[in-house]
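One structure below.
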């Protein structure tokens, strides 16, 4: 199993990318790194091949335009490497928009999928929840939401090993008529779709409470909700630490409690999950956290390898074919031109 | 200062409504309660008048239709009481949709406001943030978002006593072009509007981090984000308690830490804030938490009295007039018919 890694874009620099690649390679995963050979210092490491590239696309570059124009950019070359069959999946810690554009153009969409979606496993205290779309599609139509539901269910079953995962539609009330028109319509289609375990509408609080296995929304709401949730957890943890600092007895309490909180902290550590997964393409692309440490990089590569090993894409494709998704939602498939829906 | 209270709709029953009214009356606030005289048991309490009503609108009733048809319903009578000048503001713990509909029809909109918005003070650890719209308008246009910005800024200054409050627009990236078309357009209008301290775009994480004083969004995103945030705080607190239970040393730590966390818990307790505030009408309507205890009811009444005392509505109206909102955003005011935008 070989993974193509974008050798640029880590906020902590080339060292975390190189060390992450080393750790993944030590697990027996082949890694092809597209980046600056000298800075990475990976020559001669077993299982790692560096393909020298000095060009890259940054957060300030226009993603779609840059990906189209700069064929030598590391993320574009990583996608091409997967398309050529040299690697099974790609990983990038760089610009989310550029990674999505490079993957969408380079890896092609699965049949029946109009818009790829970005999914993240939410480290809820109870059980992990797959949440999508968290940023690929700022505006959606009903059939896009339906496709996200099928994509998420297939990934949850194949990679997260959830048996017949329940899927909820995120909106402002449990009743079928609640929310924007495209949500009401998606609710109707999903309610009538065999092949998916549709649990109906869910509300914001049901996401952290892990009421369902897969939560579906548009990329705008998903992005805001994900960042609100991460921010709230961070602020609350900070406020508790602050309280513990202000009072000597509380400080002792905090010290005694702290070791046991390690597992919880690790569960919520973005490095643990590896990153977001772009679903709906013919290969998997992992969008790692720009701020990842080397374990985060290694986990992103491991996640890419695991999704490829369990044939997440093939199983997703089968579910899309088998389920009534094609018959009900995808009838008259008006696939958007490549690049539509991508962030500007 | 007299407040009209809907005497139905408290999940904990009539006792919490009656006790909440008693506590507010003890602070010198006049309370006119529209509800079942016998169940409330408030006869002869100083400062409280019970106006007997046996009809009410529940969560399962269609809000707009019920408010139009049932003139004797407690929430409709409370709104009429404010309109007739007997009370300065209204409070209801019942159906949010019915309260919004009763207020919108009964209290009338402020000049220049097309859509009232529901605002909540978010108990961020750092400082309270006013967040709107959290559910009144599932779909918005750019000029609605601009009005929400002015409404929120005026309330923050008048009632929350924030000097020249900063206002942020919630979206998926800091750059001006990020988000849905109506957000990009609202950003442009607000950037050119004197009379408001516009801080530009903010992301989800900036809401719990209290980066600005007022956060503006549409009612769909706001409702989801608010519930995600409340849910995340609850789940995280639960997970920490669970960890503390599982290990004896951690349990001692938790016990020592607990008393100091009381202040934090109180800050996050929904009863502390009193409820959501419907802004943009000629009087204030407070949408209390259905699950409130008696202190929550009292705080909702106190909040209504405070907003009236500082003339929040008059000051909001003045800001809307003074600022360039009218000139830039409200030019060609195409006020929606009453009821449009209200939840179904």
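Values quoted throughout were computed directly from the atomic coordinates according to the rules given, and no laboratory measurement underlies them. Small disclaimer: the values here were computed from a predicted structure and weren't measured. Glycine also receives a Cβ, built like all others from the backbone with ideal geometry; neighbour counts cover every protein chain displayed.
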key: Alpha-carbon gyration tensor eigenvalues x 5, square-rooted, for the stretch A:71-220, Å   = 29, 16, 14
ask   = When the Cα atoms of chain B are enclosed in a convex hull and the volume is divided per residue, what value in Å³ results?
value = 139 Å³
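Helix-derived [θ] at 222 nm for chain B: sum -39500 (n - 2.57) over DSSP H runs of at least 4, divide by residue count, nearest 500? Intermediate results must be reported in sequence, preceding the final value.
On the way: 12 runs with 154 residues, N = 344.
That calculation yields -14000 deg cm²/dmol at 222 nm.
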key: Nearest-first distances (nm) between copies at residue A:322, label 7 Å from Cα via Cβ   = 6.6
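Over all residues in B:255-266, what is the mean tally of Cβ atoms on other chains that come within 10 Å of each residue's Cβ? Show your work: numbers first, answer last.
Working: counts 4, 12, 13, 2, 5, 12, 6, 1, 3, 5, 0, 0.
Mean shielding by partner chains, rounded to a whole number: 5.
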request  = For residue B:249, place a label point 7 Å out from Cα along the Cα→Cβ vector, do the same in each other copy, and report the separations in nm, one decimal, smallest first.
outcome  = 2.2
key: the protein assembly as shown - share of DSSP beta bridges that are antiparallel (%, nearest 5)   = 30 percent
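Go through B:182-193, B:212-223, A:7-18 and give me the packing order, highest mean Cβ count within 10 Å leading. If you can, show how the numbers build up before the last one.
On the way: B:182-193: 19.1, B:212-223: 27.2, A:7-18: 20.7.
For the peptides B:182-193, B:212-223, A:7-18, the packing ranking is B:212-223, A:7-18, B:182-193.
Whole number please: convex hull volume per residue of the Cα set in the stretch B:157-272, in Å³? Before the final figure, lay out each step's value.
Working: hull volume 15.5 nm³, N = 116.
Once divided by residue count, the hull of the stretch B:157-272 is 134 Å³.
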Label spacing, shortest first and in nm, from residue B:26 to its equivalents in the remaining copies (7 angstrom along Cα→Cβ) = 6.5
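Out of the DSSP beta bridges found with both residues in chain B, what percent are antiparallel (nearest 5)? Write down the numbers at each step before the final one.
Working: 11 of 38 bridges.
Percentage antiparallel, nearest 5: 30.
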message = Going by Cα centres, the stretch A:103-144 and the stretch B:140-187 are how many Å apart?
response = 28 Å
request  = Please report, in Å, the Rg and the Dmax of the stretch A:1-108, where both are computed over Cα atoms only.
outcome  = 12.6, 37
query = Just the Cα atoms of the stretch B:114-176: what Rg and Dmax do they give in Å?
reply = 12.0, 33
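Please arrange B:294, B:95, A:92, A:283 by counting, for each residue, the other beta carbons lying within 10 Å of its beta carbon, fewest first. Don't skip to the answer; put the middle values down first.
Numbers: B:294 20, B:95 27, A:92 33, A:283 24.
Listing B:294, B:95, A:92, A:283 from fewest to most nearby Cβ atoms yields B:294, A:283, B:95, A:92.
For a quick check: sort A:150, A:105 by the number of other beta carbons within 10 angstrom, fewest at the front. Please list the in-between numbers first.
Values: A:150 30, A:105 18.
The fewest-first ordering by Cβ neighbours comes to A:105, A:150.
Taking Cα pairs under 8 Å and at least six residues apart, what relative contact order does chain B come out at, in percent?
Working: 728 pairs, mean separation 85.5, N = 344.
Normalised by residue count, the contact order of chain B is 25 percent.
On average, how many beta carbons from a partner chain sit within 10 Å of the beta carbon of a residue in A:241-252?
On the way: counts 0, 4, 8, 5, 1, 2, 4, 1, 5, 7, 3, 4.
Per residue, the number of nearby Cβ atoms from other chains is 4 on average.
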query = Is the shape of the protein assembly as shown best called rounded, prolate or oblate, per the rule: a/c under 1.5 gives rounded, else a/b larger than b/c gives prolate, else oblate, with a ≥ b ≥ c the square roots of the Cα gyration tensor eigenvalues?
reply = prolate
request  = Let me know the shape class of the stretch A:76-163, please: from the alpha-carbon gyration tensor, a ≥ b ≥ c as square roots of the eigenvalues, rounded when a/c is under 1.5, otherwise prolate if a/b is greater than b/c, or oblate.
outcome  = prolate
query = Which whole number gives the average count of other chain Cβ atoms within 10 Å of the Cβ atoms across peptide A:165-174?
reply = 3
request  = Using only Cα atoms, locate the centre of the stretch A:1-19 and the centre of the stretch A:20-54, then give the distance between them in Å, rounded to an integer.
outcome  = 8 Å
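Which ordering of B:319, A:320, B:170 is given by a fewest-first count of other beta-carbon atoms within 10 Å?
Numbers: B:319 19, A:320 22, B:170 26.
In increasing order of surrounding Cβ atoms, one gets B:319, A:320, B:170.
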